[in-house]
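The values are calculated or read from the model by the stated rules, or taken from the named source; none is laboratory data. These numbers were taken from a predicted model, which means no experiment stands behind them. Every residue, glycine as well, gets a Cβ built from its backbone with ideal geometry; the counts of neighbours run over all protein chains shown.
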């Protein structure tokens, strides 16, 4: 029986690797959570540029009304941008300075393929298909301080591209029964498997780390339950790559937040939400997209609530593989575009601002004459966070985002975060 088959039968997943795992790691402080919206969400309907005259002209049925027009109108952020009213649970974070955005951001690669664009955003090397690992795995290896079995946690049934690599990553399953007792939790089964792998140092090490990580997460979740934790809360499915829909996100997000709060070793986490490819009947303040955004907003609020005091030293980044066309299409939706909006949530965030340069929506400013231009490279934003929030030096940043020194260094002084 192959090792991966055994792990699948046990109902959990672990990525093996060669990175040594310290058994007594020091508690970590600053944390990063990345949420990927698979399917290319329409950033112009999340943070809508109502103050740009070309916005309303380009969208007949899906445009959002300027702030002050009633319950269905945008929530005012500033004189140019408004927040989709479906995301009202997040407005208090903006008002407290814990939520910000980077508009006209994304990948410099012009692909409109969901699969290629997601790979590039997860590998951190747009246009280069030969990269074998993901940038979050490289970041995990570059972090200062000792490692731990649960230093990086993926929420989902399979390991995503962003976490592929040689460093070990723990996986938290979806749903409230993610850590229900399995055969792998039986001490006799563990002893038998440990004996089986004893002659192979790499497999033996991986198995030890996996059982230790699973046990650590079980203990964290058991502690949460003991304190009253409550978990009752028409497109190509391949685009989502197994990511759950927004409707089930809130309970899982709150569970992830609680795990991060309870486990002092956890420093990096990743999860994804699918269902954002809105070619047909996208809707405006109400409809298909608004319903998904409302569920996503509840989920991000639940994540923040689950983090509790840990939100003070956590940055949550929300991103999608590319944006959507400025102009509404003939089926009242939007097609694959370029520029999008990145979300930044958390205590260290310099919130209450839409960061980055706004290129405008006039025809001359559009990419390929149809899309919001990409002005801010997504890697520059991430590198700024990695350096100022997670403490990486120049050499470590060059390992995480190869050959991007000039791009990320230009953002070094950008005021995305409060912390220096």
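Tabulated data
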| quantity | calculated |
| --- | --- |
| Matching residues, segment 255-307, being part of a helix (DSSP H, G or I), farther than 25 Å from residue 239 by Cβ and touching a strand residue (DSSP E or B) at 6+ places or on another chain (Cβ under 7 Å) | 259, 260, 304, 307 |
| Residues (surrounded by 24 or more Cβ atoms within 10 Å (Cβ to Cβ) and at positive phi) located in segment 337-378 | 346 |
| Residue that is surrounded by the most Cβ atoms within 10 Å (Cβ to Cβ) [pool: residues in segment 60-73 that are touching a strand residue (DSSP E or B) at 6+ places or on another chain (Cβ under 8 Å) and farther than 18 Å from residue 288 by Cβ] | 67 |
| Residues within segment 100-126 that are in contact with a strand residue (DSSP E or B) (Cβ under 7 Å, 6 or more places away or on another chain) and surrounded by fewer than 21 Cβ atoms within 10 Å (Cβ to Cβ), tallied | 2 |
| Among (1) modelled with pLDDT of 95 or more; (2) within 29 Å of residue 142 (Cβ to Cβ); (3) in a loop (DSSP other than H, G, I, E, B), the one test that residue 352 misses | (2) |
